[in-house]
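Colleague: Below: one structure in structure tokens.
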Amino acid sequence: MPVAVVFLLRTVVLILLWGFVIAAVVAVRNDIFGPKPKKERAPRPARAPRPARQAKPSKKAVLPPARVAVIDGPLAGMSVALSSLPITIGRADDSTIAINDDYVSSHHARLVPNGAVWLLEDLGSTNGTVLDAAKVSGPTEVHAGSQIRIGRTVLELQP
Amino acid sequence: MTDLARPIGSRRHGTEVALIGFGLVLTMFAFTSVSAAYSSKFPSGIVSDGLGFIALAGVAHLAVRKFAPYADPVLLPSAVMLNGLGLVLIHRLDLASASRAKGAGVSAGTAAAPLQLVWTVIGVALFIAVLVVVRDHRRLESLTYTAMAGGLALLVLPALLPASHSTVNGARIWIRFGGFSFQPGEIAKIALEVFFAGYLVRKRDVLALAGRRILGLTLPRGRDLGPVLVAWGASLLILTRESDLGSSLLFFGIFVAMLYVATERRSWLVIGLGLFVVGSLLAYAVIGHVHDRVQIWLHPLDPKTITDQSYQLAQGLFGQATGGIFGTGLGQGRPDLVPFANTDFIASTIAEELGLAGLMAVLVVYLLIVMRGLRAAIGTRDDFGKLLGAGLAFGLALQVFVQVGGVTRLIPLTGLTLPFLSYGGSSLVSNWILLALLLRISDASRRPAPPRPDAPDEAATMAIRL
């Protein structure tokens with residue numbers, strides 16, 4: 001066989017091999033973060049009011065959060081009013097917010113009232129709880145406007 | 001509320017079909033490429049054998065679609081791709097030995113690829129059978145002690161049979177009757193994983209009890225060391241009676257890993273590693289076979305042994321060096337110079353003809369299978385499923401590590417097979433069974449939870465159900 005043909009065949013086999021690997025990795029990625037990037041971008045216009053809210057942080061910080069809303073993920077659109085009771089989040093049926101998501105532990109996190117503020121606590125979950133891009137290690141104060149990411153779900157405390 | 005969103009555990013059939021298609025295109029192209037290297041004629045087998053393999057992959061996919069609809073979409077395509085690539089490489093080595101036999105004027109031995117294709121058919125048939133019969137992996141838990149008896153029987157059978165019925169190339173791990181030969185250790189591995197999972201689910205609380213603390217490590221109580229010592233003794237027994245380094249290592253490694261997963265105590269890993277070191281040193285000092293293997297590993301190019309004992313490893317290393325980064329191209333190298341290239345040294349065949357780039361791609365595919373297996377284990381709701389999934393996935397990872405590590409001279413050579421790639425019926429069939437179990441666990445972990453019949457009033461409790 002001519003050298004050029006050998007080179008071509010070899011290159012195509014290697015490209016196909018790595019193509020398969022990349023396709024499989026993309027499939028795994030879609031499985032974790034949702035099927036299409038389009039879907040992720042869709043809720044963004046809804047979040048547009050956020051800069052406006054941040055413009056007057058001093059006033060907002062004083063307002064105690066009144067409800068926790070799910071703004072992304074399988075339960076997007078629903079919200080739970082905050083009372084004086086703690087709120088548990090997890091995959092287990094007895095959670096206040098029960099999320100059916102592989103990446104959420106049975107008892108994943110909870111929100112506990114402490115006087116006027118709410119504390120977010122991770123309950124030793126496998127994949128962790130993220131508050132405004134920082135991983136939660138101990139009980140952390142949550143203010144209105146803060147975003148909590150648990151698995152594929154994003155929650156927001158709203159006044 | 002149920003219609004708010006599709007559950008995470010949605011079916012991913014489209015992805016699976018696309019990935020299987022990709023794997024089949026790769027297989028067919030590699031097949032054509034191999035054939036083109038040996039003759040300018042259009043390969044005759046590509047239509048019948050190729051269509052046969054495509055049909056097989058299609059049937060396997062339909063079975064998953066029907067019997068495990070929520071299963072992971074990456075596992076089956078990865079197995080199909082590895083199996084296809086394995087068939088192509090075995091066929092390629094057949095062509096080489098046929099042309100060598102022709103050159104020497106002797107008749108060629110039996111071709112291995114058609115046999116491997118038959119074993120693939122049997123493997124896929126058993127894969128489907130397992131998916132159909134085992135509708136819920138939790139039912140395997142009731143078979144815990146049956147699995148133990150069966151697994152142990154299969155494991156020790158070769159040691160009890162006369163050597164003429166059990167020994168091939170020095171390793172006493174076969175059952176041979178007439179023309180039929182079978183390596184029971186591969187099936188025993190799965191049976192024992194089922195047993196370990198069932199046993200550890202029952203005993204984990206005791207085994208996790210804390211004993212004394214030494215150097216910041218919480219040790220288990222002395223009286224709880226029994227099971228790990230039994231596993232250790234049994235694997236040493238396999239080593240001495242059957243001269244099977246690979247199975248011995250695999251068996252003990254899987255047990256220690258599952259013990260760690262079940263109890264979450266790091267001290268078990270330390271104890272396991274300590275026992276492993278003691279066992280290895282003992283084996284090296286006492287068992288001649290093991291001593292030889294280590295010497296070959298340390299000095300493969302020793303002029304005294306290179307023509308016989310370390311010939312295989314040395315040729316394999318030369319082959320891998322020839323391959324370099326991108327390989328010689330399929331059908332262009334001489335991987336057939338390595339003895340047993342299609343079983344023990346299939347990894348060096350890949351490294352020679354597809355290069356480091358090709359071997360890495362294959363290893364990443366194994367990594368994906370293992371990762372998705374562990375993912376399925378984490379997501380399962382029951383402890384038995386978690387342990388079994390973790391054991392199956394870890395066993396596969398350890399086997400690939402020990403096998404490729406031996407061929408690339410990272411660790412001494414042990415003589416295990418590379419799952420789905422190596423030539424060998426027992427290995428291929430048992431890996432298809434293992435894959436079916438992983439898919440079953442994956443299906444259970446991604447299936448949305450069934451609605452509770454007595455769901456409490458939503459307004460009263462504010463519980464949210466999907």
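The values are calculated or read from the model by the stated rules, or taken from the named source; none is laboratory data. Not measured: the values here are computed from a predicted model. In this analysis, Cβ positions are derived from the backbone assuming ideal geometry, glycine residues included, and neighbour counts consider all displayed protein chains. The area values use the complete protein model at the heavy-atom level, side chains included, leaving out ligands, DNA and RNA. Shrake-Rupley method; radii C 1.70, N 1.55, O 1.52, S 1.80 Å.
Colleague: So the check is Cβ under 7 Å with 6+ separation or different chains; which pairs have a first residue in the range A:1-13 that's closer than 14 Å to B:Thr328 by Cβ and a second one that's at pLDDT below 90 and open to solvent by 70 Å² or more (accessible area, probe 1.4 Å)?
Modeller: Filtered contacts from the range A:1-13: A:Val6/B:Gln332.
Colleague: Kindly establish whether A:Ser106 is closer than 27 Å to B:Gly379 by Cβ and either open to solvent by less than 60 Å² (accessible area, probe 1.4 Å) or within 12 Å of chain B (Cβ to nearest Cβ) (or both).
Modeller: For A:Ser106, the condition - closer than 27 Å to B:Gly379 by Cβ and either open to solvent by less than 60 Å² (accessible area, probe 1.4 Å) or within 12 Å of chain B (Cβ to nearest Cβ) (or both) - is met.
Colleague: Considering every residue within the range B:410-421, establish whether at least one is at pLDDT below 95, in contact with a Phe, Trp or Tyr (Cβ under 7 Å, 6 or more places away or on another chain), closer than 24 Å to B:His91 by Cα and buried (at least 24 other Cβ atoms within 10 Å of the Cβ).
Modeller: No, that holds for no residue.
Colleague: For the range B:325-346, which positions are among the hydrophobic types (A, V, I, L, M, F, W, C), within 14 Å of chain A (Cβ to nearest Cβ) and either open to solvent by less than 80 Å² (accessible area, probe 1.4 Å) or within 19 Å of B:Leu93 (Cα to Cα) (or both)?
Modeller: The answer is B:Leu330, and nothing else.
Colleague: Name the pairs whose Cβ atoms lie under 6 Å apart, with the first residue in the range A:63-76 and more than 18 Å from A:Val142 (Cβ to Cβ), the second assigned to a strand (DSSP E or B) and not polar (S, T, N, Q), and 6 or more positions between them or separate chains?
Modeller: Listed by first residue and then by second, the contacts come to A:Ala76/A:Val70.
Colleague: What pairs come up if the first residue lies in the range A:112-125 and is on the phi > 0 side of the Ramachandran plot, the second is surrounded by 17 or more Cβ atoms within 10 Å (Cβ to Cβ), and their beta carbons are under 8 Å apart, counting only those six or more places apart or on different chains?
Modeller: Listed pairs, sorted by first residue: A:Gly124/A:Ser105.
Colleague: Would a scan of the range B:69-77 turn up a residue that is more than 22 Å from the chain's Cα centre (by Cα) and away from every other protein chain (no Cβ under 14 Å)?
Modeller: Checked against the condition, which is being more than 22 Å from the chain's Cα centre (by Cα) and away from every other protein chain (no Cβ under 14 Å), the range B:69-77 yields at least one hit.
Colleague: To continue, here is another question. How many residues, within the range A:1-60, are at pLDDT below 55 and either within 11 Å of chain B (Cβ to nearest Cβ) or open to solvent by 60 Å² or more (accessible area, probe 1.4 Å) (or both)?
Modeller: 23
Colleague: Here is a check on your reading of the model: is A:Leu131 open to solvent by 50 Å² or more (accessible area, probe 1.4 Å) and either within 14 Å of chain B (Cβ to nearest Cβ) or touching a residue at least 12 places away in the same chain (Cβ under 8 Å) (or both)?
Modeller: no
Colleague: A further question on this structure: Can you name the number of the only condition in (1) in a helix (DSSP H, G or I); (2) among the polar types (S, T, N, Q); (3) surrounded by 24 or more Cβ atoms within 10 Å (Cβ to Cβ) that B:Thr322 fails?
Modeller: Unmet condition: (3).
Colleague: Quick check: is even one residue across the range B:96-106 of a type in the set (Ser, Thr, Tyr), at pLDDT 90 or above and open to solvent by less than 60 Å² (accessible area, probe 1.4 Å)?
Modeller: Checked against the condition, which is being of a type in the set (Ser, Thr, Tyr), at pLDDT 90 or above and open to solvent by less than 60 Å² (accessible area, probe 1.4 Å), the range B:96-106 yields no hits at all.
Colleague: Do we have B:Asp308 as modelled with pLDDT under 90 and out of contact with any helix residue (DSSP H, G or I) (no Cβ under 9 Å at 6 or more places or on another chain) here?
Modeller: Yes, satisfied.
Colleague: Check B:Val25 against each of (1) more than 10 Å from every other protein chain (Cβ to nearest Cβ); (2) surrounded by fewer than 17 Cβ atoms within 10 Å (Cβ to Cβ) and name the one condition it does not meet.
Modeller: (1)
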